[in-house]
Amino acid sequence: MHHSPDGAGRSRKKPARGIIPGLLMAVCLSAPAWAGNMDLAWDAVPDPDVTGYRIYIGTTPGSTDQGIINVGKVTSLTLTDLPDCMELFIGVKALDAGGQESLGFADFVQGLAQPFVSDASPASLSQGVEDILVTVQGGNFSADMQRTDVQFDDPDVRVLSMDFIACDEIELHLSVGPFLSAPGDPGYNGAGDTVEEVPPAEIGMRGVILTVPGAQGEVIQGDTPSSLRIDFVPQRTDIDGSGRVDGFDLARLASRFGSDFGGSGYQPELDLDGNKSVDGIDQSLLAEYFATVF
């Protein structure tokens, strides 16, 4: 029986008549995804003899040292339990009913599994920080990552710069609003923002969104929610700057109670928790620090 060598140098049976010897493969990887995962999608081979596909996973083109997976007549699959911080080469071949493969692989997809965050130090930041260094631990960080590939799920937390340290570590310089905005910047409203017009960063947990460019221009994205905390600054309860939290501060807050960002009467210095509304949460924070001397 005639055999034809495939791209890995091994001998395979000649595919049954009609199986296309090449397989176009468009890979798209998307969030949410976790360590060791990779979501694959490929174009179906329009041939009646095709009954399934075989996925080759290796650390070099054409190798199978990370496994071979046979799947049915599907065009997508989530690969799991992949090694972290290891560049992988993934190819797909079409199969017929007898298990015979198409002659060649598609172009190999080359890259890492989805990036993830396991820890950030420091793990909490204060409202209004202008520039602080945060070390992020995780995995599958790419040396090709840029500052714009790291984002937070709150636009008030901005990445000023990013340094790739290793596959499991990056360093970020962050600012935590409010900030002056300009055309092209997140938060620009075209009205000539000043610091006083911009709400403070909202307190609470923030997730880190990491994206790295894929081998074919696609975006590989992974996220880890609740990885960084934004803390309230108690001194903000001294609204009038007298050095003591007293009835004057309470009266200021009460005068704008119920106002929302973008509406009449909103003043961001009264929005203590940064949720873009002067409400009961702000009142509770002020009450907690009432009579405190700073």
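Residue-by-condition table, conditions (1) hydrophobic (A, V, I, L, M, F, W, C); (2) within 26 Å of the chain's Cα centre (by Cα):
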| position | (1), (2) |
| --- | --- |
| G72 | no, no |
| S76 | no, yes |
| L82 | yes, yes |
| L88 | yes, yes |
| G91 | no, yes |
| Q100 | no, no |
| Q110 | no, yes |
| V117 | yes, yes |
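The selection criterion, being at pLDDT 95 or above and either surrounded by 17 or more Cβ atoms within 10 Å (Cβ to Cβ) or among the basic types (K, R) (or both), holds for L286.
Which of (1) part of a loop (DSSP other than H, G, I, E, B); (2) modelled with pLDDT under 60 does P200 not meet, given it meets every other one? Of everything listed in (1) part of a loop (DSSP other than H, G, I, E, B); (2) modelled with pLDDT under 60, P200 misses just condition (2).
Hey, among the residues in region 60-104 that are among the polar types (S, T, N, Q) and touching a Pro at 6+ places or on another chain (Cβ under 8 Å), which one's farthest from P46 (Cα to Cα)? Filtering first and then ranking leaves Q66.
Results for (1) at pLDDT below 90; (2) among the aliphatic types (A, V, I, L, M); (3) in a loop (DSSP other than H, G, I, E, B), shown as yes or no for each residue.
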{"site": "A215", "(1), (2), (3)": "yes, yes, yes"}
{"site": "G222", "(1), (2), (3)": "yes, no, no"}
{"site": "D240", "(1), (2), (3)": "no, no, yes"}
{"site": "F248", "(1), (2), (3)": "no, no, no"}
{"site": "R252", "(1), (2), (3)": "no, no, no"}
{"site": "G258", "(1), (2), (3)": "no, no, yes"}
{"site": "E269", "(1), (2), (3)": "no, no, no"}
{"site": "L272", "(1), (2), (3)": "no, yes, yes"}
{"site": "I281", "(1), (2), (3)": "no, yes, no"}
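Taking the options G62, G128, name whichever one is outside the structural domain of P200 (by TED's automatic domain parsing), on the phi > 0 side of the Ramachandran plot and modelled with pLDDT under 90. Quick ask: steps written out before the conclusion?
Working: G128 fails: outside the structural domain of P200 (by TED's automatic domain parsing).
Selected residue: G62, the only one of G62, G128 that is outside the structural domain of P200 (by TED's automatic domain parsing), on the phi > 0 side of the Ramachandran plot and modelled with pLDDT under 90.
Given the structure, is L40 buried (at least 16 other Cβ atoms within 10 Å of the Cβ) and at pLDDT below 50? Against the criterion (buried (at least 16 other Cβ atoms within 10 Å of the Cβ) and at pLDDT below 50), L40 does not qualify. Listed by first and then second residue, the pairs with beta-carbon distance under 6 Å, at least 6 apart or on different chains, first residue in region 83-109 and over 18 Å from D49 (Cβ atoms), second at pLDDT below 85 and among the polar types (S, T, N, Q), are F89/Q110.
The values are calculated or read from the model by the stated rules, or taken from the named source; none is laboratory data. Keep in mind the model is a prediction, meaning the values are calculated, not measured. All Cβ positions, even for glycine, are placed from backbone atoms using ideal geometry, and neighbour counts span all protein chains on display.
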